[in-house]
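Report on the following structure.
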Amino acid sequence: MTRWPLPEYMQMALAQAREAADSGEVPIGAVVVKDGRVIAAGRNGPRESHDPTSHAEIEAIRAAARALGNERLEGCELWVTLEPCAMCAGAIAHARIARLYYGASDPKGGAVEHGARVFEHEQCLHRPEVYPGIGEAESADLLRGFFRERR
């Protein structure tokens, strides 16, 4: 089996995830890219910030919207280490993210290919192109290691 090099943007998202883990947060990281340039990054931070909405995707989307001066992130890509939950999938749709790339699937809490499948609903006003499984092994290993240490 040939293993391709991990895309640079997923490497950056994994670096954000490692920073989250170093802070005691669940290791999930995200970056927003526009026109081939990273404009924002985010990592999980709900414990640190006492904010249940402080998911990596939300933090990256907020930072990207500030950087662009616009709540619509049309033409942007979101690279994240784990399948987004329902809240994050909703934010992705509202932000009009063009493409979503994610690493590990999340059968328990994911809402793209599992659970709510937010983008498949008729009420979803925007559906990004979705590319799952990019950096899946690295993302899953990081998460498994984090939880193994805490058990």
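The values are calculated or read from the model by the stated rules, or taken from the named source; none is laboratory data. Everything numeric here is computed off the predicted structure, so don't read it as measured data. FYI the Cβ positions are ideal-geometry reconstructions off the backbone, even for glycines, and counts take in every protein chain you see. SASA here: full protein model, heavy atoms, side chains in, ligands and nucleic acids out. Shrake-Rupley method; radii C 1.70, N 1.55, O 1.52, S 1.80 Å.
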Label-point separation (nm) for Arg148 and Lys108, each offset 7 Å from Cα along Cα-to-Cβ?
1.6 nm
Hey, what do the phi angles of the range 87-102 turn into as Karplus ³J(HN,Hα) couplings, whole Hz, using 6.51/-1.76/1.60 and θ = phi - 60°, x for Gly and Pro?
4, 5, 4, x, 5, 4, 5, 5, 7, 6, 4, 6, 9, 10, 10, 9
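Leaving out ligands and nucleic acids, note down the accessible area per residue over the chain with a 1.4 angstrom probe, in whole Å². Numbers along the way, then the final one.
Working: 8080 Å² over 151 residues.
Roughly 54 Å² per residue, with all protein chains present.
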Taking the Cα-to-Cβ direction at Ser23 and at Asp51 and moving 7 Å from each Cα, how far apart do the two end points lie in nm?
1.0 nm
Using alpha carbons only, how many degrees (0 to 90, rounded to 10) separate the axis of helix 8-22 from the longest principal axis of the chain?
60 degrees
If you take the Cα Rg of the chain and divide it by 2.2 N^0.38 Å, with N the number of residues, what do you get?
0.97
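When the Cα atoms of the range 73-151 are enclosed in a convex hull and the volume is divided per residue, what value in Å³ results?
Given the Cα convex hull of the range 73-151, per-residue volume reads 83 Å³.
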Taking only Cα atoms, what is the 0 to 90° angle, nearest 10, from helix 56-68's long axis to the longest principal axis of the chain?
40 degrees
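Determine the percent antiparallel among the DSSP beta bridges restricted to the range 32-151, to the nearest 5. Numbers along the way, then the final one.
On the way: 6 of 15 bridges.
The answer is about 40 percent antiparallel.
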How much length, in nm to one decimal, is gained on full extension between Gln11 and Arg66, taken as 0.36 nm per residue of separation minus their Cα-Cα distance?
17.5 nm
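Of the heavy-atom accessible surface of the range 1-114 (probe 1.4 angstrom), what whole percent is carbon and sulfur? Display every interim value, and only then the final one.
Values: 2690 of 5350 Å².
Ligands and nucleic acids excluded, carbon and sulfur reach 50 percent.
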